[in-house]
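Structure, as structure tokens:
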Amino acid sequence: DTAVSQTPKYLVTQMGNDKSIKCEQNLGHDTMYWYKQDSKKFLKIMFSYNNKELIINETVPNRFSPKSPDKAHLNLHINSLELGDSAVYFCASSQVGGGGYTFGSGTRLTVV
Amino acid sequence: GENVEQHPSTLSVQEGDSAVIKCTYSDSASNYFPWYKQELGKGPQLIIDIRSNVGEKKDQRIAVTLNKTAKHFSLHITETQPEDSAVYFCAAAPPTSGTYKYIFGTGTRLKVLA
């Protein structure tokens, strides 16, 4: 059973489009995250939700909007996609105070 | 805020040799330091971690050391094997609202040459 699953794995879309990435975890964790990994492999946090509540919101354009319908799901919607949004987006989850993240396998977004 | 520097950016070793990757952090409040291994096309996977009340931790061929005074920590891999080839990330986690907001290093691409 996949612990943290993201869909889709690959996403190719044109500039200006709106797209969503979905994430689900079956670990019973109460915190979920979105990280962006750029072409140089640098990992940077975007958002974090704890029990459906937004607790970390880094300096991210407001075209990016996370949504957590329940603590097992955290989706990422991106409006008006730009070339610079091309990256790999990772979802992760953890237990408060428990330390380690469990990452999903990533969604490679390519904006053309 | 926290800043994590990681060196080297690339590291090539012969199979069987040891590899050492070093990280420094800036926020003395950081109290949790995980290391992640990322293989091609996959998400990062936790391989070992250490908390600030411990100086060293080992798990088979992998060890991590922490020097709180100097604010640096290192990953040591002994008897390297080709399957150890990957990108390795260190991270530091300052307590933030009760959750762990990781600040990652810039990664080290390790190549183990057979």
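Points worth noting:
- Förster radius 30 Å - calculated FRET efficiency between B:His72 and A:Gln14 (Cβ-Cβ, nearest 0.05): 0.10
- If R0 is taken as 30 Å, the Cβ-Cβ distance between A:Val112 and B:Ile62 corresponds to a FRET efficiency of 0.15.
- Of all DSSP beta bridges in chain B, antiparallel share, percent nearest 5: 90 percent
- Efficiency of FRET from Cβ geometry, A:Thr7 and A:Lys52, R₀ 25 Å, rounded to 0.05: 0.80
- Accessible-area rank, largest first, for B:Leu113, B:Leu75, A:Leu83: A:Leu83, B:Leu113, B:Leu75, with all protein chains present and a 1.4 angstrom probe.
- For segment A:1-107, with +1 on Lys and Arg beta carbons and -1 on Asp and Glu, the positive-most of A:Asn57, A:Met15, A:Ala72 along the dipole: A:Met15
- Potential extension, B:Glu83-B:Ala29 segment - 0.36 nm per residue separation minus Cα distance: 16.0 nm
- Peptide A:33-39 is shielded by partner chain Cβ atoms: per residue, an average of 2 of them sit within 10 Å of its Cβ.
- When chain B is described by a simple charge dipole with +1 on each Lys and Arg Cβ and -1 on each Asp and Glu Cβ, the residue from B:Ser30, B:Ala91, B:Val20 located farthest towards its positive end is B:Ser30.
- Dipole check for chain B: with +1 at the C-beta of Lys and Arg, -1 at the C-beta of Asp and Glu, and the Cα centre as origin, the magnitude is about 240 Debye.
- Taken about its Cα centre, the protein assembly as shown carries a charge dipole of about 220 debye when Lys and Arg each add +1 at the Cβ and Asp and Glu each add -1 at the Cβ.
- Lysine pairs meeting the criterion (Cα under 17 Å, 8 or more apart or interchain), as found in segment B:1-106: 9
- Extreme residue, positive dipole direction of chain B, given options B:Gly1, B:Thr65, B:Gln81 (C-beta unit charges): B:Gly1
- Here chain B yields Rg over Rh of 0.96, to two decimals, using C-alpha coordinates and the Kirkwood radius.
The values are calculated or read from the model by the stated rules, or taken from the named source; none is laboratory data. Fair warning: this is a prediction, and the values are worked out from it, not measured in the lab. Note: ideal-geometry Cβ built from the backbone for every residue, glycine included; neighbour counts use all protein chains shown. Accessible surface areas use protein heavy atoms only, side chains included; no ligands, DNA or RNA. Shrake-Rupley method; radii C 1.70, N 1.55, O 1.52, S 1.80 Å.
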